[in-house]
Amino acid sequence: MIYEFNQTVSVNTLSDLRESVGWSRMENEYKSPLMTSYYHIAAYDKDELVGYIDCVSNGVTDAYIQDLMVHPDYQGKGIGTDLMNKMIGYLKEKRIYMISVVFEERLKPFYEKFGFYNMLCGQMETYSSN
């Protein structure tokens, strides 16, 4: 597995990975010049993008980990765990005070092993991005 840190990932490749995990492609959103990332990590098997994690942050007090994805053919092989460990390690190194992540209830055991605990939050989608 090859990991690339904060390197450009093509919109099409990223959209293909999103689609493989059952998410909307969001191609138009990823093409927007307003779309920025504090830090992201891509995992490749040869030239194929098989895993990805992104983080948005103010760079000081808070960071939000988003878009952890592993292609279904590669799930269960530790790639998601590696991506989380690398991201959390980076954010701790940068002395970010608080790290948040939103996840589905079924994924709670996965996120608890990194030290995340439940807090009350809400989320709303304002449009369909298919």
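What follows is calculated from the coordinates using simple rules that are stated; it is not laboratory data. Remember, predicted model here, so these are calculated numbers, not experimental data. Note that each Cβ is placed from the backbone with ideal geometry, even for glycine, and that neighbours are counted across all protein chains shown.
Top mean-square fluctuation among 69, 119, 98, Gaussian network model of the chain, C-alpha springs under 10 Å? In this elastic network of the chain, the residue with the biggest mean-square fluctuation among 69, 119, 98 is 119.
Straight-distance candidates among the aspartates and glutamates for linking to residue 108, with alpha-carbon spacing under 16 Å and chain neighbours fewer than 8 residues away dropped: 67. Exposed loop positions in the chain were taken to be trypsin sites (Lys or Arg not before Pro) whose DSSP state is not H, G, I, E or B and which have at most 15 other beta-carbon atoms within 10 angstrom. Between these positions, the longest stretch is 1-45. Helical content of the chain, expressed as a calculated mean residue ellipticity at 222 nm, amounts to -7500 deg cm²/dmol (DSSP H runs of 4 or more residues, -39,500 (n - 2.57) each, divided by residue number, nearest 500).
Across every direction, the projection of the convex hull enclosing the Cα atoms of the chain has a mean area of 8.3 nm². GNM remark for the chain: springs join alpha carbons under 10 Å apart, and the peak mean-square fluctuation among 67, 47, 16 falls on 47.
Taking GluC sites (Glu not before Pro) across the stretch 30-130, the ones in a DSSP loop with at most 13 further Cβ atoms lying within 10 angstrom of their Cβ are 104, 125. Please order 60, 21, 50 by the number of other Cβ within 10 Å, starting at the fewest. Fewest to most other Cβ atoms nearby, the residues stand as 60, 21, 50. Sites counted here are chymotrypsin sites (Phe, Trp or Tyr not before Pro) in a DSSP loop (not H, G, I, E or B) having no more than 14 other Cβ atoms within 10 Å; the longest part of the chain that contains none of them is 24-96. Across the chain, Cα pairs under 8 Å and at least six residues apart give a relative contact order of 22 percent.
Pairs from the table (92/113; 46/92; 31/113) lying more than 25 angstrom apart at Cα are 46/92; 31/113. Residues considered: 34, 68, 91. Largest GNM mean-square fluctuation over the chain, using C-alpha springs under 10 Å, is found at 34. Among residues other than residue 11 whose Cβ falls under 10 Å from its Cβ, what is the net charge (Lys/Arg +1, Asp/Glu -1)? Within the 10 Å Cβ shell, the charges total -1.
Separation of the stretch 94-130 and the stretch 7-48 by C-alpha centroid, Å? What the calculation gives is 19 Å, centre to centre.
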